[in-house]
Amino acid sequence: MHDPLIDGMIRKLWMTEADLYREHLLRLDPASRRSRFGGAVADAFIRNYVDISIGLDAVIHGFFVDGVLRGAAELRPVGSGFAQEAEAAFSIERPWQSHGVGTALLARTLLVARNRGIKFLHMACLAENRRMQDLARKFDAELTFDFDSVIGEVEAAQPTPLSLLREILADSHSFATAMLDVQSRMLKSA
Ligand SMILES: CC(C)(COP(=O)(O)OP(=O)(O)OC[C@H]1O[C@@H](n2cnc3c(N)ncnc32)[C@H](O)[C@@H]1OP(=O)(O)O)[C@@H](O)C(=O)NCCC(=O)NCCS
């Protein structure tokens with residue numbers, strides 16, 4: 001059995017990659033789609049949603065396998081200016097669920113939230129989502145959750161030189177592997 005985290009890679013999405021995000025969300029099976037959006041939503045809703053959400057402020061991490069986006073974590077500040085609150089939402093395609101991808105994506109999202117000074121994290125549809133709750137609990141040292149109000153408080157929501165460095169290192173490593181990924185796709189299609 002393959003370990004998806006070894007076969008895949010996590011990196012931030014570029015603004016030009018809205019199509020990849022849209023296709024990923026449209027591929028979610030009905031139950032995952034319901035959990036992601038808090039109810040059954042039509043394809044047209046998802047198309048509009050991506051057009052809006054990929055805007056300037058969102059930070060979206062993607063989990064890629066062979067160049068295909070199979071999971072995503074979206075962090076979007078709520079309000080304008082130096083927002084202290086953000087919304088986080090996760091989506092992993094069914095064959096890649098329960099293999100630690102959500103855990104890895106939440107770790108990266110928390111690092112970015114901390115580096116942006118985000119203090120409160122609203123987790124979409126957390127209240128009734130057991131698996132998402134279990135996932136959030138794994139981070140209770142960094143995130144205090146009130147499951148009823150689906151708001152998590154980010155502990156020490158201040159960037160430190162080390163936390164900034166960790167994000168920069170993750171991004172530069174992802175950039176190198178993203179380039180390798182593009183190259184290998186080009187070689188395959190040559
Ligand atoms: C919820 C979701 C993000 C979790 O991501 P994941 O990659 O499946 O989760 P992980 O493999 O990292 O597991 C996280 C924890 O969830 C629990 N978990 C995982 N799979 C489980 C399963 N099949 N049954 C019960 N609990 C499970 C475990 O506690 C696990 O921690 P552990 O591996 O240390 O035991 C993912 O399943 C998903 O996208 N679901 C559909 C959309 C959704 O619900 N989004 C969240 C709302 S925005």
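Among the residues making up region 45-57, none is more than 13 Å from the ligand (Cβ to nearest atom), open to solvent by less than 20 Å² (accessible area, probe 1.4 Å) and at pLDDT below 90.
For region 46-104, the strands (runs of 3 or more DSSP E) that sit wholly inside it and include 1 or more residues that are of a type in the set (Ser, Thr, Tyr) are 85-92. With the requirement that a residue be touching a helix residue (DSSP H, G or I) at 6+ places or on another chain (Cβ under 7 Å), over 17 Å from Val112 (Cβ atoms) and more than 9 Å from the ligand (Cβ to nearest atom), what does region 71-97 give you? Result: no residue meets the conditions. Considering (1) aromatic (Phe, Trp, Tyr); (2) crowded, with 19+ Cβ neighbours inside 10 Å; (3) modelled with pLDDT under 85, the lone condition that Phe147 does not fulfil carries the number (2). Of the set (1) out of contact with any Leu (no Cβ under 7 Å at 6 or more places or on another chain); (2) surrounded by fewer than 18 Cβ atoms within 10 Å (Cβ to Cβ); (3) of a type outside the set (A, V, I, L, M, F, W, C), all apply to Glu74 but (2).
Among residues of region 8-26 that are free of Cβ contacts under 8 Å to residues at least 60 places away in the same chain, those with a beta-carbon under 6 Å from a residue that is in a helix (DSSP H, G or I) and among the hydrophobic types (A, V, I, L, M, F, W, C) at least six positions away or on a different chain give the pairs Ala18/Val50; Tyr21/Val50; Arg22/Val50; Leu26/Ile46.
If I filter region 112-124 for residues that are closer than 26 Å to Leu165 by Cβ, assigned to a strand (DSSP E or B) and among the aliphatic types (A, V, I, L, M), do I get at least one hit?
Within region 112-124, the subset closer than 26 Å to Leu165 by Cβ is 112-121.
Filter again for assigned to a strand (DSSP E or B), leaving 120-121.
Next, from what is left, pick out any that are among the aliphatic types (A, V, I, L, M): 121.
Yes, region 112-124 has at least one match.
Residues in region 86-93: is at least one in contact with a His (Cβ under 9 Å, 6 or more places away or on another chain) and either at positive phi or open to solvent by 70 Å² or more (accessible area, probe 1.4 Å) (or both)? Yes, that holds for at least one residue.
The C-beta contact set for region 151-177 (first residue over 25 Å from Asp140 (Cβ atoms), second residue open to solvent by less than 90 Å² (accessible area, probe 1.4 Å) and modelled with pLDDT of 70 or more, distance under 6 angstrom, 6+ apart or interchain) comprises Ser174/Arg11; Thr177/Met9.
The values are calculated or read from the model by the stated rules, or taken from the named source; none is laboratory data. In this text, all values refer to a predicted model and were calculated from it rather than measured experimentally. Positions of Cβ are generated from backbone atoms using ideal geometry, with glycine treated the same way; all protein chains shown enter the neighbour counts. Heavy atoms of the whole protein, side chains included, go into the accessibility calculation; ligands, DNA and RNA do not. Shrake-Rupley method; radii C 1.70, N 1.55, O 1.52, S 1.80 Å.
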